[in-house]
Amino acid sequence: METRILETGTFDPGEFAAELTEAPRNQAVGTGLLYEDEHIKVWEVRLKPGERGPFHAHTRRYFWTVVDGGVGRQRSPDGSFRVRDYRVGETQYQDHGPDNVMIHDFENAGDAEIRFITVELLD
């Protein structure tokens, strides 16, 4: 199941300058940490319509699964954004690490709560 891209565009990163400066140190990849041990961290991402999670850094391999689908806007530090339609059950693996860091934010651009589970792999 592929995420459907609804829109792409640009924004002014200057509007988020302070947040982007802190983003490399913000490794909270969800709105709440549900579980952690020496092997994994399990995060929940739960956003109501219009809510936005701040810019943060993915520095580990991880995967996410959509629990409650919706429309999300993801901004990148280069000033680009994508709006996607996330569907229940959709799962994606990302291979990031210290030499391949991804920084982005995430905003609920839909009209219903959106929820993901994200699992970071620590080893």
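Here is a check on your reading of the model: is Pro49 open to solvent by 30 Å² or more (accessible area, probe 1.4 Å) and either closer than 17 Å to Phe16 by Cβ or small (Gly, Ala, Ser) (or both)?
no
Being surrounded by 15 or more Cβ atoms within 10 Å (Cβ to Cβ) and either touching a helix residue (DSSP H, G or I) at 6+ places or on another chain (Cβ under 9 Å) or outside any strand (DSSP E or B) (or both) is the filter here, so list the residues in the range 97-112 that pass it.
Ile103, His104, Asp105, Ala109, Gly110
Write out, first by first residue and then by second, each pair whose Cβ atoms fall under 7 Å of each other, whose residues are 6+ apart or on separate chains, and whose first residue, in the range 78-100, is over 26 Å from Phe11 (Cα atoms) while the second is small (Gly, Ala, Ser) and modelled with pLDDT of 95 or more.
So the pair list comes out as Val88/Gly69.
Taking the range 25-53, which residues are among the basic types (Lys, Arg) and either part of a strand (DSSP E or B) or under 15 Å from Thr65 (Cβ atoms) (or both)?
Lys41, Arg46, Arg52
Which residue out of Trp64, Trp43 is under 18 Å from Glu2 (Cβ atoms) and buried (at least 18 other Cβ atoms within 10 Å of the Cβ)?
Testing whether each residue is under 18 Å from Glu2 (Cβ atoms) and buried (at least 18 other Cβ atoms within 10 Å of the Cβ) leaves just Trp64.
Could you please find all residues in the range 19-40 being over 11 Å from Thr118 (Cβ atoms) and either of a type in the set (Phe, Trp, Tyr) or open to solvent by less than 80 Å² (accessible area, probe 1.4 Å) (or both)?
Glu19, Leu20, Ala23, Pro24, Asn26, Gln27, Tyr35, Asp37
In the range 58-86, what residues are under 17 Å from Arg46 (Cβ atoms) and outside any strand (DSSP E or B)?
Gly69
Give the range 69-96 a look and list any residue that's of a type in the set (Asp, Glu) and either touching a Cys at 6+ places or on another chain (Cβ under 8 Å) or surrounded by 14 or more Cβ atoms within 10 Å (Cβ to Cβ) (or both), or say none.
Listed by number, the residues that qualify are Asp85, Glu90.
Return the residue satisfying two criteria in turn: it lies in the range 67-108 and is under 19 Å from Pro54 (Cα atoms) and hydrophobic (A, V, I, L, M, F, W, C), and of such residues it is nearest to the chain's Cα centre (by Cα).
Phe106
The values are calculated or read from the model by the stated rules, or taken from the named source; none is laboratory data. No experiment lies behind these values; they were computed from the predicted model shown. When we count neighbours, we look across all protein chains shown, and the Cβ atoms used for this are built from the backbone with ideal geometry, even at glycine. Surface accessibility is based on the protein's heavy atoms, side chains included, excluding ligands, DNA and RNA. Shrake-Rupley method; radii C 1.70, N 1.55, O 1.52, S 1.80 Å.
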